[in-house]
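What follows is a set of notes on a single structure, which appears directly below.
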Protein chains: 2
Amino acid sequence: MRKLNEYNKSRELFARASKVIPSGIYGHQGPAEGCYVPVEAFPLFSERAEGSYFWDVDGNRFIDYMCAYGPNILGYNDPDVDRAAAEQRKKGDCITSPSYKMIEFAELLVDTVATADWAFFAKNGNDVTTMAVMVSRAYTHRKKVVFFKGYYHGISPWTQKIDYAGVIEEDVCNNIYTEWNDFEKLEQIFADNKGQIAAVIAQPYMHGNFKDNELPAKDFWAKVRKLCTDNDTVLIVDDVRAGFRLDLKGSDHYFGFEADLICFCKALANGYNVSALCGKQFLKNSVSDLSYTGSYWLSAVPFAAGIACITKMRELDLPKILNEKGEKLKNGLLDAAKKNGFDLRITGAPSLFYLRLADDNSLITHQRWIAECVKRGVFFTSHHNHFINYALSDGDIAETVAVADEAFKAIKGL
Amino acid sequence: MRKLNEYNKSRELFARASKVIPSGIYGHQGPAEGCYVPVEAFPLFSERAEGSYFWDVDGNRFIDYMCAYGPNILGYNDPDVDRAAAEQRKKGDCITSPSYKMIEFAELLVDTVATADWAFFAKNGNDVTTMAVMVSRAYTHRKKVVFFKGYYHGISPWTQKIDYAGVIEEDVCNNIYTEWNDFEKLEQIFADNKGQIAAVIAQPYMHGNFKDNELPAKDFWAKVRKLCTDNDTVLIVDDVRAGFRLDLKGSDHYFGFEADLICFCKALANGYNVSALCGKQFLKNSVSDLSYTGSYWLSAVPFAAGIACITKMRELDLPKILNEKGEKLKNGLLDAAKKNGFDLRITGAPSLFYLRLADDNSLITHQRWIAECVKRGVFFTSHHNHFINYALSDGDIAETVAVADEAFKAIKGL
């Protein structure tokens, strides 16, 4: 039996953090947001990371299936990406005139991503989702935007919910919410709002939190694509989370259609801070018309890292490898569940798998199992999809399955 | 006479960039935005930077008074900041659980910035100005926000103008615009909107583009502070541009008052990509109530860089040094103008000086002079404030004044 992790130093640091940082740690990575439940099973601060692992401040090592919520795709501290970034760092990062690395990065994205006739760089996924909506409004001279319930497109007021703190009615009054995979309802919305819909914004499949992830229904995307084209509505794919884990050409390409605008962040440069909006030629002038920039958006180090990351992912044909690793893990976890008499559901793409124990209608059994895995050094979260990275080895997968088995045994009969 | 710069490679690269990037280069740093006029005088892409200089792709060296539009405060590639960042890089940057460096950085800001009872980190200045408005709305349960004309608070739709591309009426319909330094008008606005104003957002002084910069009138800030307090309105200082160049305790402290929320970015980590919102204890819970995070917001390398940057700025008492350098440059430029019979106006803080030749009412004479400086290796821009950095030497200042003198002679009699 494995020794269970203790988190004394994490807890001490969290108390210190809470004095000077609202919530102590904010966002998903903090204990307040619902994905780290039960909170006492989780570490809160890290000391270092390498490959498929990170070590917390108490010295516990984790096989990490969250990958910093996506950015870690090649393994932490990938030597090729870090070398390219360090070389650029010597020359300079954030300079009055931008480095020509920006051009090379844009050319590489245009060459890689199916729908990309151009690329524009920013810092956050949120910068490029917000920009995509603004470009759509500028191009169409319309206001309304259709969202699929369960979406996450960042944190700007326009993409939050009316009952969230700091959001006002005007922020969201042009949003229309509909159901994922329900084409008839979407068609009705277009009929009811003829000539008023600037954009449909969607993730490539429904990978929302707190529920089983849902791939697109047969022909759903083809029909949505045609509906948008027929109505001069801009089709935006938010590939911030799934990007480069399904298909290097874009997750739209993976599902057999072409978006008008596609948003990337996270895995774009293996954690170096950069995001990108790519899109079709007909929208390029509308992008130029926007007033849209940021202090660090021309930083050259993340450009150099992004070039190295995309180049390596292409050489490896990485999404295929990540999905094979995900498939292997999935089979191991399902076997372990079955052997112990549990009903484990694994949904979404294997490289972005979502876990749920369906043995009872409460979340409690599931959360207990996740907690027992985390306390044994396998970093899952309870209600968020996971991420596979290239450094994850067969040994890591075998150890994960062994830990999962032990965790099932630990919760049996509780 | 100095040889004039040529920019053949910059132009070739710009043509290449234009194919794959909307506008070729976006924002202030591109030729489309109005600060690089006449465009042919300016380089467009850089090769490297060091200290107070950068070199463009044609091998021209510039004494750089734009400092990447602010981030470069200690000199490009400052060895102390880069060493701290490189050490953290070896441990990890963007990790599933954040590094404890986040706590140390927050504690240092709370210890440094007068109004900071807490700190929250993001990536863009825009992230924290938007957050400041959301926090104000969450706390007050009000919608309206007062802006001073000539402001720049980032690029989210709420802070843009109704006639800008991609902006809709709902984005800006709760904004009230008034005149900088006009307290009576502000008082009237508060009377007309009793109990409805969530926040006043302002730069510490008016450092807008295309006009002489304007310091606060006597008692203006004291009266604004009292008006906000009396009306339970949140006072937000946007110190993204001026921060740490007037006062390490915050530009509000420099002008003798305390903001409720203060926004930092740019100079916070000498160019490493991080921004911060700091504020008063009474707003801390409202920050926690927001749903607000980003993929890279817990990156540890910029935290380590920020700690090293603030520590060094404190050891040096940096704002004093930057303003002395700015004062020396100002005197030299004014002398050179006078000697050549030109009416040069230098406004704003010396560390953030704004230049204007007031000899005619058109912008042409001014732009010609700026162009002649840039072509001789002194990087000014025509209609944006400038930035002083610590690496700028007395020799650099002397060379700048010599170039300015030559540039005055070049435009005389044109």
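The values are calculated or read from the model by the stated rules, or taken from the named source; none is laboratory data. Since the model is a prediction, treat every value here as computed from it, not as a measurement. Positions of Cβ are generated from backbone atoms using ideal geometry, with glycine treated the same way; all protein chains shown enter the neighbour counts.
Things to note:
Yes or no, residue by residue, for (1) without any contact (Cβ under 8 Å) to a residue 60 or more places away in the chain; (2) surrounded by 18 or more Cβ atoms within 10 Å (Cβ to Cβ); (3) within 14 Å of another protein chain (Cβ to nearest Cβ):
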position	(1), (2), (3)
A:G150	no, no, no
A:H153	no, yes, yes
A:Q160	yes, yes, yes
A:N174	yes, yes, yes
A:W180	yes, yes, no
A:N193	yes, no, no
A:E214	no, no, no
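- Test result for A:N124, touching a strand residue (DSSP E or B) at 6+ places or on another chain (Cβ under 8 Å) and either crowded, with 24+ Cβ neighbours inside 10 Å or modelled with pLDDT of 95 or more (or both): yes
Matching residues to (1) without any contact (Cβ under 8 Å) to a residue 12 or more places away in the chain; (2) assigned to a loop (DSSP other than H, G, I, E, B); (3) within 22 Å of A:I25 (Cβ to Cβ):
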{"site": "B:D80", "(1), (2), (3)": "no, no, no"}
{"site": "B:I103", "(1), (2), (3)": "yes, no, yes"}
{"site": "B:L109", "(1), (2), (3)": "no, no, yes"}
{"site": "B:T115", "(1), (2), (3)": "no, yes, no"}
{"site": "B:T130", "(1), (2), (3)": "no, no, yes"}
{"site": "B:A138", "(1), (2), (3)": "no, no, yes"}
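- Among residues of the range B:11-22, those that are at the interface with chain A (Cβ under 8 Å from one of its Cβ atoms) and crowded, with 20+ Cβ neighbours inside 10 Å, counted: 5
- Screening the range A:255-281 for residues that are surrounded by fewer than 24 Cβ atoms within 10 Å (Cβ to Cβ) and in contact (Cβ under 8 Å) with a residue 60 or more places away in the chain and picking the one that is farthest from the other protein chains (Cβ to nearest Cβ) gives A:E258.
- Conditions (1) touching a strand residue (DSSP E or B) at 6+ places or on another chain (Cβ under 8 Å); (2) within 10 Å of another protein chain (Cβ to nearest Cβ); number of the one not met by B:V113: (2)
- Filter result for the condition that a residue is buried (at least 21 other Cβ atoms within 10 Å of the Cβ) and not polar (S, T, N, Q), over A:P71, A:P31: A:P71
- When the range B:193-226 is filtered for residues that are modelled with pLDDT of 95 or more, closer than 21 Å to B:S351 by Cα and polar (S, T, N, Q), the ones remaining, listed by number, are B:Q203, B:N213.
- Sole exception among (1) facing another protein chain (nearest Cβ under 10 Å); (2) at pLDDT below 95 for A:S46, by number: (2)
- Residues being facing another protein chain (nearest Cβ under 7 Å) and touching a Ser or Thr at 6+ places or on another chain (Cβ under 7 Å) - total across the range A:116-126: 4
- Just one of the numbered conditions (1) surrounded by fewer than 21 Cβ atoms within 10 Å (Cβ to Cβ); (2) touching a helix residue (DSSP H, G or I) at 6+ places or on another chain (Cβ under 6 Å); (3) under 19 Å from A:V135 (Cβ atoms) is not true of A:E327: (3).
- The range B:34-43 - residue that is surrounded by fewer than 24 Cβ atoms within 10 Å (Cβ to Cβ) and of a type in the set (A, V, I, L, M, F, W, C) and, of those, nearest to the other protein chains (Cβ to nearest Cβ): B:C35
- Any chance B:A198 is away from every other protein chain (no Cβ under 13 Å) and aliphatic (A, V, I, L, M): no
- Subset of the range B:373-383 [more than 12 Å from B:A407 (Cβ to Cβ) and crowded, with 22+ Cβ neighbours inside 10 Å]: B:F379, B:T381, B:S382
- The range A:92-101, subset within 7 Å of chain B (Cβ to nearest Cβ) and not aromatic (F, W, Y), residue surrounded by the fewest Cβ atoms within 10 Å (Cβ to Cβ): A:G92
- Among (1) crowded, with 22+ Cβ neighbours inside 10 Å; (2) in a helix (DSSP H, G or I); (3) touching a Lys or Arg at 6+ places or on another chain (Cβ under 7 Å), the one test that B:I370 misses: (3)
- Only one of the numbered conditions (1) surrounded by fewer than 18 Cβ atoms within 10 Å (Cβ to Cβ); (2) free of Cβ contacts under 8 Å to residues at least 12 places away in the same chain; (3) within 14 Å of another protein chain (Cβ to nearest Cβ) is violated by B:D230, and that is (3).
- Taking the conditions (1) of a type in the set (K, R); (2) closer than 22 Å to A:A269 by Cα; (3) part of a helix (DSSP H, G or I); (4) touching a helix residue (DSSP H, G or I) at 6+ places or on another chain (Cβ under 6 Å) in turn, B:K90 satisfies each one other than (4).
- Any pair with Cβ under 6 angstrom, 6 or more apart, that starts in the range B:297-314 at a residue that is more than 8 Å from chain A (Cβ to nearest Cβ) and among the basic types (K, R) and ends at one that is surrounded by fewer than 24 Cβ atoms within 10 Å (Cβ to Cβ) and in a helix (DSSP H, G or I): B:K312/B:D80
- Hey, B:K312 surrounded by fewer than 23 Cβ atoms within 10 Å (Cβ to Cβ), at negative phi, outside the structural domain of B:I95 (by TED's automatic domain parsing) and outside any loop (DSSP other than H, G, I, E, B) or not: no
- The listed residue being under 24 Å from A:G208 (Cα atoms), of a type outside the set (V, I, T) and more than 22 Å from the chain's Cα centre (by Cα), out of A:F264, A:F244, A:F342: A:F342
- The set of residues in the range B:373-398 that are more than 16 Å from B:K330 (Cα to Cα) and in a helix (DSSP H, G or I) comprises B:V374, B:K375.
- Top-ranked residue in the range A:330-363 [being in a strand (DSSP E or B) and touching a Phe, Trp or Tyr at 6+ places or on another chain (Cβ under 9 Å); ranked as surrounded by the fewest Cβ atoms within 10 Å (Cβ to Cβ)]: A:R345
- Residue within the range B:294-308 that is under 19 Å from B:V37 (Cβ atoms) and not in a loop (DSSP other than H, G, I, E, B) present: no
- Residues within the range B:79-91 that are farther than 29 Å from A:M66 by Cα and surrounded by 24 or more Cβ atoms within 10 Å (Cβ to Cβ), tallied: 1
- Only residues that are in contact (Cβ under 8 Å) with a residue 40 or more places away in the chain, among the small types (G, A, S) and facing chain B (nearest Cβ under 9 Å) were counted in the range A:82-91, giving 1.
Let's see how each residue does on (1) closer than 30 Å to B:A259 by Cα; (2) touching a strand residue (DSSP E or B) at 6+ places or on another chain (Cβ under 9 Å):
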site	(1), (2)
B:L277	yes, yes
B:D289	yes, no
B:Y292	yes, yes
B:L298	yes, yes
B:I321	yes, no
B:E327	yes, no
B:D335	no, no
B:G377	no, yes
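- Of the criteria (1) more than 7 Å from chain B (Cβ to nearest Cβ); (2) buried (at least 19 other Cβ atoms within 10 Å of the Cβ), which one A:D56 fails: (1)
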